[in-house]
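Trainee: Following this message is one structure expressed as structure tokens.
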Amino acid sequence: MTDGDYMALALELAGRGEGWTSPNPMVGAVIVKAGVIIGQGWHRKCGDLHAEREALKSCAAHPAGATMYVTLEPCCHQGRQPPCTDAILQAGIARVVVGCSDPNPLVAGKGLDILRAAGVEVTAGVLEEACRRRNRAFFHFISTGRPYVVMKYAMTLDGKIAAYTGASKWITGAAARENVHADRHRLSAILAGIGTVLADDPLLTCRLEGGKNPLRVIADSALAIPLDSRIVRTAGEAPTVVAAGLADGEKKAALERAGCRVWELPGGDGRVDLPALLDRLGEEKIDSLLLEGGGTLNWAMLEGGLVNRVQAYIAPKLLGGAGAKSPVEGQGAPAPDLGARLGELTLTRLGEDILIEGEVTGHVHRNC
């Protein structure tokens, strides 16, 4: 097996921590001695052992003289866990192969420098792009202090997210909806607008067996959310934040008694200040956010340059209706070449539906 083969295995191991490591990165490690894998591990959960120490703990033979393959540069600082560079040196690892460097300023090349200074052979950049993609959210969060935002919507082939009556269940089939629940587990928080709550009375929870619920965040400028909505009634079971422009004291107190947290984040127009909301979420160590808004909130986030990735689930249906809602509304871009652009596109079949997703590579230009 080659360095790439072992790194591919380490990447697969890293993925097993998906949904559990936030705000830490997903990391996998494989230890090889004399051509035999003697240990492997991954970061299972925030606060637990890092991948390198998990792999060392699992070793079937003494790791002295072995090669360690790890998807992210080993840490060299004391956090919830001690430095992994210390463990590597104490174990006598002779060579370390790294997928990509760690953008955390506390590491950022220092881990590799420590290993090299101690005489360990270091090879960096093996399957680098794949390793970076595994931790898109972490890299974005570390560099900006804000969550990585994924805008998700389901629409018909003619671009409708609901019929002219407002009925929207279900645009897509079971396989697509299960994929959405996997993302609700994978990402740290979910954001919807008050319009979605009033129209659909959603739960916004993860219904996968063994999955975890994201932090539910409702953008609700005037605190119009009903106290008998499913979001409020289940606030004691799933963490919930209601972000308001200006909060009525009595309604705020009632929501807090129900288990919600209420954040007052007024913007200049009386609406919720969305950049301030992302800053506040970042302060709470929320590294990733699934945007399941309606057309108004989606446009506001897109226009503000706050969306990093788009997921468009497309169903083979045609609904028609001049007044039927579309996934992105608002004023819109003034010309076709001034809209947001996507790159790194992928296409996935999910039953009869298609998921097209990509990174936002160019933001909306507001003026011609």
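Trainee: What pairs come up if the first residue lies in the range 1-22 and is farther than 13 Å from R186 by Cβ, the second is among the β-branched types (V, I, T) and surrounded by fewer than 15 Cβ atoms within 10 Å (Cβ to Cβ), and their beta carbons are under 9 Å apart, counting only those six or more places apart or on different chains?
Mentor: Note: pairs meeting the criteria are D3/T123.
Trainee: Of all residues in the range 203-214, which are without any contact (Cβ under 8 Å) to a residue 60 or more places away in the chain and either open to solvent by less than 50 Å² (accessible area, probe 1.4 Å) or among the small types (G, A, S) (or both)?
Mentor: First, pick out the residues of the range 203-214 that are without any contact (Cβ under 8 Å) to a residue 60 or more places away in the chain: 203, 205-210, 213.
L203, T205, C206, G210, listed by residue number.
Trainee: Taking A174 as the residue in question, decide whether it is over 25 Å from R280 (Cα atoms), aliphatic (A, V, I, L, M) and surrounded by fewer than 22 Cβ atoms within 10 Å (Cβ to Cβ). Let's see the steps before the verdict.
Mentor: Working: over 25 Å from R280 (Cα atoms): yes; aliphatic (A, V, I, L, M): yes; surrounded by fewer than 22 Cβ atoms within 10 Å (Cβ to Cβ): yes.
Yes.
Trainee: Test each condition in (1) under 17 Å from M7 (Cα atoms); (2) open to solvent by 30 Å² or more (accessible area, probe 1.4 Å); (3) touching a helix residue (DSSP H, G or I) at 6+ places or on another chain (Cβ under 7 Å) for R95 and report the one that comes out false.
Mentor: Every listed condition holds for R95 apart from (3).
Trainee: A further question on this structure: Do you know which residues across the range 87-113 are among the aliphatic types (A, V, I, L, M) and either in a strand (DSSP E or B) or within 31 Å of the chain's Cα centre (by Cα) (or both)? Spell out how you get there, then give the answer.
Mentor: Initially, the range 87-113 is screened for residues among the aliphatic types (A, V, I, L, M), giving 87-89, 91, 93-94, 96-98, 106-108, 112.
Passing the criteria: A87, I88, V96, V97, V98, L106, V107, A108, L112.
Trainee: Let me ask something else. Only one of E256, E284 is of a type outside the set (A, V, I, L, M), modelled with pLDDT of 95 or more, surrounded by fewer than 20 Cβ atoms within 10 Å (Cβ to Cβ) and within 16 Å of the chain's Cα centre (by Cα). Can you tell me which?
Mentor: On the way: E256 fails: within 16 Å of the chain's Cα centre (by Cα).
Going through E256, E284 in turn, just one is of a type outside the set (A, V, I, L, M), modelled with pLDDT of 95 or more, surrounded by fewer than 20 Cβ atoms within 10 Å (Cβ to Cβ) and within 16 Å of the chain's Cα centre (by Cα): E284.
Trainee: Moving to a separate point now. Tell me the residue from G15, G39, G65 that is modelled with pLDDT of 95 or more, open to solvent by 30 Å² or more (accessible area, probe 1.4 Å) and touching a Lys or Arg at 6+ places or on another chain (Cβ under 9 Å), please. Give the derivation first.
Mentor: Numbers: G15 fails: open to solvent by 30 Å² or more (accessible area, probe 1.4 Å); G39 fails: open to solvent by 30 Å² or more (accessible area, probe 1.4 Å).
Selected residue: G65, the only one of G15, G39, G65 that is modelled with pLDDT of 95 or more, open to solvent by 30 Å² or more (accessible area, probe 1.4 Å) and touching a Lys or Arg at 6+ places or on another chain (Cβ under 9 Å).
Trainee: Every residue in the range 225-247 that is within 21 Å of R271 (Cα to Cα), at pLDDT below 95 and open to solvent by 20 Å² or more (accessible area, probe 1.4 Å), please.
Mentor: Answer for the range 225-247, where residues must be within 21 Å of R271 (Cα to Cα), at pLDDT below 95 and open to solvent by 20 Å² or more (accessible area, probe 1.4 Å): L246, A247.
Trainee: Return the residues of the range 15-38 that are in contact with a helix residue (DSSP H, G or I) (Cβ under 7 Å, 6 or more places away or on another chain), under 11 Å from R134 (Cβ atoms) and assigned to a loop (DSSP other than H, G, I, E, B); say none if nothing qualifies.
Mentor: Residues satisfying the conditions are E18, P25, M26, V27.
The values are calculated or read from the model by the stated rules, or taken from the named source; none is laboratory data. Keep in mind that what you see is a predicted model, and the values were worked out from it rather than measured. Quick reminder, even Gly has a Cβ in these numbers, built from the backbone with ideal geometry, and neighbours come from all protein chains shown. For accessibility, only protein heavy atoms count, side chains too; no ligands or nucleic acids. Shrake-Rupley method; radii C 1.70, N 1.55, O 1.52, S 1.80 Å.
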